[in-house]
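Please treat every number below as a calculation from the coordinates, not as lab data. Because the structure is predicted, anything quoted here is derived from the model rather than measured. All Cβ positions, even for glycine, are placed from backbone atoms using ideal geometry, and neighbour counts span all protein chains on display.
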């Protein structure tokens, strides 16, 4: 019986814990046919030996409990319990699907916010790189004499490459795009969402560490804030 229940659960759920409790009740435990038959046989046997037996409430309870266990393990009872578990699982799935749609929409809204921040990062990066290039050029021209302009340009580009985050922005955009596609697909999503959350978080960390612009670091922190919110929501998605 226990294995049959496990099989039903594993068929419908890939992760998480589900606890099932079935309470077995009878309106009057002393009215069972099995108990009545046993008492009748007991009385007939006593009469055949001309004795007057007595039976306690506790002994009646033991007989009733035995009958209950027999009934619970009967094919009819097992079938009823399996159908009950299946019905409960179906209702749980319907509830999760309804709740899941709202959770997915919430994640999609937060992904949209991350995309908006990414666009701000792109604009800010272009402006920051341009300003930094002008600053480096002016500093070199003012402090160094007899230097070839091509060499100056090369040195500046090398310095700018060390803080360049274009690859991180491209990967960030790619991860957000893939995650958005996953949210629109049917089937299990939880583990895939977890994976892309880690990837997006990695790019946000790199953007924050490589960039020397406080504003870009602020944007990266904003992305991580949305990621933490998404991670909390994704914990409730299978």
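Quick rundown of the values:
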read-out	value
Rough spin-label spacing in nm, given labels placed 7 Å along Cα→Cβ, for residue 101 and residue 228	3.2
Gap separating the Cα centres of the range 187-218 and the range 84-124, nearest whole Å	18
Pair residue 79, residue 182: separation of 7 Å Cα→Cβ label points (nm)	4.4
Value of relative contact order over the range 95-234, rounded to a whole percent, pairs C-alpha under 8 Å and six or more apart	33
Anisotropy class of the range 95-234 from Cα gyration tensor, a/c 1.5 cut	prolate
Residue-span extension gain [residue 153 to residue 120] - 0.36 nm each, minus C-alpha spacing	9.2 nm
